[in-house]
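S.K.: Quick one: this structure, given as structure tokens, is what I'll be asking you about.
The values are calculated or read from the model by the stated rules, or taken from the named source; none is laboratory data. All values derive from a computational prediction rather than experimental measurement. Backbone-built Cβ (ideal geometry, glycine too); neighbour counts: all protein chains shown.
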Amino acid sequence: MSAILKYSVVIIGLGNIGMKYDFDNHSEEIILTHAKSFHINKNFNLIGGVDLKEKNLNAFKKKYKCNGFSEIKEAMINLCPDIVIISSPTNKHFENIKEVFKYHTPKIIICEKPLSYEINESKKILELCKFNNAKLFINYFRRVLPGNLKILSLINSKEIRTPFQGTCIYSKGLFNSSSHFINLFEFLFGKVKNIKLINKNKSLSDPEPDFEIGFDEGNIIFLSNKNSNIFLNDAELIMENGKLNFENGGEDIFWKPIIDDKRFSGYKVLAKQAQIIKNDFDRIQFYFTEQLNLAIKGQENFLCNSQDAFDTQKVLQKIKSNYEL
């Protein structure tokens, strides 16, 4: 039997999503970072990491028994990876990707969301990857989780029906947080057709406006969470035949179909008992890595590709532009 051809992986940025979220958890039931997911997946070979902080590098090398570098140049020249993961701060994405291609041409670039705070930089990232014949995927992980794929299947089969209207409450910024839900709703309902700014709210480096986005068959109002004591990312969608709730960031999904009102003839109401659709947030990066393996094999996958990410970026840019007027 021939050996499995493993793709080699280098991670640039060993912060929370790169390495830290699950660093002290040894269970394979908790997979929250790129480092752990690529380390345990038999289809990949984690060979190195890059970080400016010596403490992070030392921790990475000790735990994952592979190379650590303080400079991208060193990692690219010495390791020549097939896959490079960009999990550095958003404002460093473009700079880091340029540096990667300066010294090496990987087959695949995986970038944390969003691509950039500026649409022109995002466009340059896409152009760089295209010029170097490297595939680009963006880690909008919600679209590959099992519960959200189940929702997509139920929408496609008309078991959950449009039109719809909804609200989404988000915390921690337009780019950092609401972008996840914008991308997920584009995945479920198609491209955003119109955008309306409702309220600018307070001015931040990552703004937190209230706004509305419209699709062919519905609209969703996004409201920033102004209670800093609670990290809240929830959505409620009223569908034609029931109500869909995404709670705790989408970790918990509840579907309540409509039923005949037993008390008042001729009326429809929501079922009292919700159907629970499991989303398995404990293994968010496991599902991303599994989908990447499908993509490499040329099989159907639900990863966010460069065009999907750029569509989301255009929505973010339009909201930001209206915010800055």
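S.K.: If you take the residues in segment 308-325 that are without any contact (Cβ under 8 Å) to a residue 40 or more places away in the chain and not small (Gly, Ala, Ser), which one is surrounded by the fewest Cβ atoms within 10 Å (Cβ to Cβ)?
M.R.: Our first condition is that a residue be without any contact (Cβ under 8 Å) to a residue 40 or more places away in the chain; within segment 308-325, this holds for 321, 324-325.
Now drop any that are not not small (Gly, Ala, Ser), which leaves 324-325.
Values: Glu324: 9, Leu325: 6.
Restricting to residues being without any contact (Cβ under 8 Å) to a residue 40 or more places away in the chain and not small (Gly, Ala, Ser), the top hit is Leu325.
S.K.: Since Glu54 meets every condition but one in (1) more than 18 Å from Ile86 (Cβ to Cβ); (2) under 20 Å from the mean Cα position of the chain (by Cα), which condition does it not meet?
M.R.: (2)
S.K.: While we're looking at this one, here's another question. Right, Gly173: at positive phi, modelled with pLDDT of 95 or more, under 19 Å from the mean Cα position of the chain (by Cα) and surrounded by fewer than 18 Cβ atoms within 10 Å (Cβ to Cβ) or not?
M.R.: no
S.K.: Next question, about the same structure. Looking at Ile160, is it of a type in the set (Val, Ile, Thr) and either in a loop (DSSP other than H, G, I, E, B) or within 22 Å of Thr33 (Cβ to Cβ) (or both)?
M.R.: Considered against the rule, which asks whether it is of a type in the set (Val, Ile, Thr) and either in a loop (DSSP other than H, G, I, E, B) or within 22 Å of Thr33 (Cβ to Cβ) (or both), Ile160 comes out as yes.
S.K.: In the list Lys158, Lys124, Lys150, Lys98, which residue meets the criterion of being in the same structural domain as Glu247 (by TED's automatic domain parsing) and without any contact (Cβ under 8 Å) to a residue 60 or more places away in the chain? Can you show your working first?
M.R.: Numbers: Lys124 fails: in the same structural domain as Glu247 (by TED's automatic domain parsing); Lys150 fails: without any contact (Cβ under 8 Å) to a residue 60 or more places away in the chain; Lys98 fails: in the same structural domain as Glu247 (by TED's automatic domain parsing).
The unique qualifying residue is Lys158.
S.K.: Here is a check on your reading of the model: is Phe60 in a helix (DSSP H, G or I) and within 26 Å of Thr312 (Cβ to Cβ)?
M.R.: No, not satisfied.
S.K.: Just need a number here: residues in segment 221-238 that are out of contact with any helix residue (DSSP H, G or I) (no Cβ under 7 Å at 6 or more places or on another chain), surrounded by 17 or more Cβ atoms within 10 Å (Cβ to Cβ), not small (Gly, Ala, Ser) and not in a loop (DSSP other than H, G, I, E, B).
M.R.: 3
S.K.: Another question, if that's okay. All but one of (1) farther than 30 Å from Asn199 by Cα; (2) not assigned by TED's automatic domain parsing to the domain that holds His39 hold for Lys226; state the number of the condition that does not hold.
M.R.: (1)
S.K.: Quick one: is Asn183 within 25 Å of Ile284 (Cβ to Cβ), buried (at least 22 other Cβ atoms within 10 Å of the Cβ) and in contact (Cβ under 8 Å) with a residue 12 or more places away in the chain?
M.R.: Yes.
S.K.: Regarding Ser116, is this residue buried (at least 16 other Cβ atoms within 10 Å of the Cβ), not basic (Lys, Arg) and not in a loop (DSSP other than H, G, I, E, B)?
M.R.: So Ser116 does not fit the description; no.
To keep it simple, each residue is scored yes or no on (1) part of a helix (DSSP H, G or I); (2) surrounded by fewer than 17 Cβ atoms within 10 Å (Cβ to Cβ).
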site: Ile109; (1), (2): no, no
site: Leu128; (1), (2): yes, no
site: Ile151; (1), (2): yes, no
site: Ile198; (1), (2): no, yes
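S.K.: Is at least one residue of segment 272-286 under 30 Å from Asn133 (Cβ atoms) and acidic (Asp, Glu)?
M.R.: Within segment 272-286, none of the residues are under 30 Å from Asn133 (Cβ atoms) and acidic (Asp, Glu).
S.K.: How many residues does segment 1-44 contain that are among the aromatic types (Phe, Trp, Tyr), over 19 Å from the mean Cα position of the chain (by Cα) and assigned to a loop (DSSP other than H, G, I, E, B)?
M.R.: Result for segment 1-44: 1.
S.K.: Which one is nearest to the chain's Cα centre (by Cα) among residues in segment 288-325 that are under 17 Å from Tyr7 (Cα atoms) and of a type outside the set (A, V, I, L, M)?
M.R.: Checked segment 288-325; the qualifying residue nearest to the chain's Cα centre (by Cα) is Phe288.
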